[in-house]
Structures are given as structure tokens and as C-alpha cells.
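Working notes for the structure below.
Every number in this text was worked out from the coordinates using simple rules, so none of it is lab data. Since the model is a prediction, treat every value here as computed from it, not as a measurement.
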Ligand SMILES: [Zn+2]
């Protein structure tokens, strides 16, 4: 999902370039999709991370909510069920292609499908997020995971598990906005995102919240920088 005010910020001249600098310090160019070696692999455990959409699904405030319209066809009238609905493409469980933040970036259908099946690394910060609703995944969290499980492999998708999924049915607690308008939900720190991109060559970074950046962010540096640099975000 995208964070509140994100569209307004994107319209600010120079915002993308500045955000890329903040996130990685790299040049403002669209790099090709990372070419990970194609290694055969198998897996035995599949976890469905998606959430069913409903009119109550949290969206960031300036985007339209998910709306189910009058059914196109019903069993009673037509013998089949065909629904019709409207939503933004940053509503619910989704993936951000580079085009989201770069007009020269790849569209979703241009992202190599092989990169969408990747080893998952789950960084559980649930305990920390229980106490600090704006908790960050830090390099220390990543290194602690590596001490236990081994080095994060190149081409992995690194997913934050903050426990925020338990709030998915309540936009109020999911966005978690305080009286001054500041949102409070967990995300990745700039340092951890930079580490994953530059030191571990990951193919994707995902969160169970509204944004890769935590709620109080003012610049959305990670969201813009990471997606621009050919990694994708899921939430
Ligand atoms: Zn998004």
C-alpha cells in the first residue's frame, strides 16, 4: 500500500530524485531489473499472505476506497456470478512496480515473473511493535536473523512481520493516526533498506503495513528509493 500524502509528495518537483539520494545515494537512473541467476529450487510450505478486500479495507486517505458495485450478473438472474467493483491499484495486498515512482520504470507486467517467486526472509518485529507502534526494522534485526538462519540470500524477498495484519479489518487502528495527524505503524529504517539493497542484493522488500517507511515518515525515502531502484514492495 502507499502511505498517506504520497501522491502529493510525488508531485513535488525533485522529490523522487531527493528520495533516491536519501535512500541509497545512487544516481537517479532506472537500473535494469536485477538479473538473479536462475537456480532450480523447490518448496514445501506455502503461506497465503493476502487479505480479502472489503469496503472496510484500509486505504490511504486520499485514494478511493474499495467499492463493490451492483453485480454484473447473479446466479438468480443469469446463472453465473460476476461482480463489478472499483478500487485503486494500491488498495489491499499488492505489489509496487518501479513505474509507481518512476515514469521510466517497469510496469507490473514487465517485471520478470521469475523474480516474483523468491526465497522469503521474514523479519519478525512483532514484540517491538507491540510497544512502539512506529517501530523500525533495523540492521541489527537483519543481522540477528542472519546469526540464527544464515546469510540473507541474493534474490530473496525480505518481509517485515509486525503483527499489523491483526488490524486489517479496522482502518482506524491500521493507519493509527494520532490527534496531530501523524500515523503510527512500523516500517523499515533507511539503513536497513540500504543494507538489503547494497549488501544483500534482495529482489523485494515487503511489509504488512501501509508503507515500507514507518508511519511518521515525512519523506517516504525508502518507498521511493527502493521501488525506483528496481525492488518491489508488497503489503
Ligand atoms: Zn503501493
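Structure notes:
- Over the range 57-193 - Rg/Rh using Cα atoms and the Kirkwood inverse-distance radius: 1.05
- Rounded to the nearest 5, the antiparallel percentage of DSSP beta bridges internal to the range 93-234 is 20%.
- Histogram of C-alpha separations across the range 177-223, 5 Å bin width, %: 5, 22, 28, 22, 12, 6, 3, 2
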